[in-house]
Amino acid sequence: MFPPNTAPNAAHAGDPPLFHTVAVNRRVALRAWPLVQSSCPSTQLEDWRAYTAALNRGAGKSAGLVAVEDERGYIHALFAWHIHRAIGRPRALRITDLVVGSLPGRELAQSIVIAIRRVAEATRADSVMVEIGDRQLAPDALLSDGFERLVMDCMRSPRG
């Protein structure tokens, strides 16, 4: 389930016009499979389906899986999120399993940051940790200076 106060399958104010975010349910997970397979070729479809099913069982206010798709329904990015409680950080949002397709421009990176910001606000997280891991990402789309500035802006934005 998507965090409270966010509508899946709907464009949101502030979304770049090409992309919007959706919660990853069983149907969306199948559409995301080509992206996952291109990023992690050794992963089997059964493993992906089991992973998404496990996340969806715990989805809601403390965990979930979000995809960034275009108007045609093609998935270009996805990430898992969990609320993690640690000393000094009562509600840290941990972003993991980030998978990003390779597209020119910065709109995809902006969409990812907007999605992360939306989850952080909906879960009332007091900090955000993004784990990149050892996956091959699209460096010009995600690891650009623009993405770093967007992340810094996201971390500085006040939460209500």
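The values are calculated or read from the model by the stated rules, or taken from the named source; none is laboratory data. Because the structure is predicted, anything quoted here is derived from the model rather than measured. When we count neighbours, we look across all protein chains shown, and the Cβ atoms used for this are built from the backbone with ideal geometry, even at glycine.
Some observations on this one:
- Filter pass, SER111 being modelled with pLDDT under 90, in contact with an Asp or Glu (Cβ under 8 Å, 6 or more places away or on another chain), closer than 18 Å to ILE132 by Cα and buried (at least 17 other Cβ atoms within 10 Å of the Cβ): yes
- Looking only at the range 83-107, residues that are within 11 Å of the chain's Cα centre (by Cα) and either buried (at least 17 other Cβ atoms within 10 Å of the Cβ) or more than 21 Å from ASP126 (Cα to Cα) (or both) come to 6 in all.
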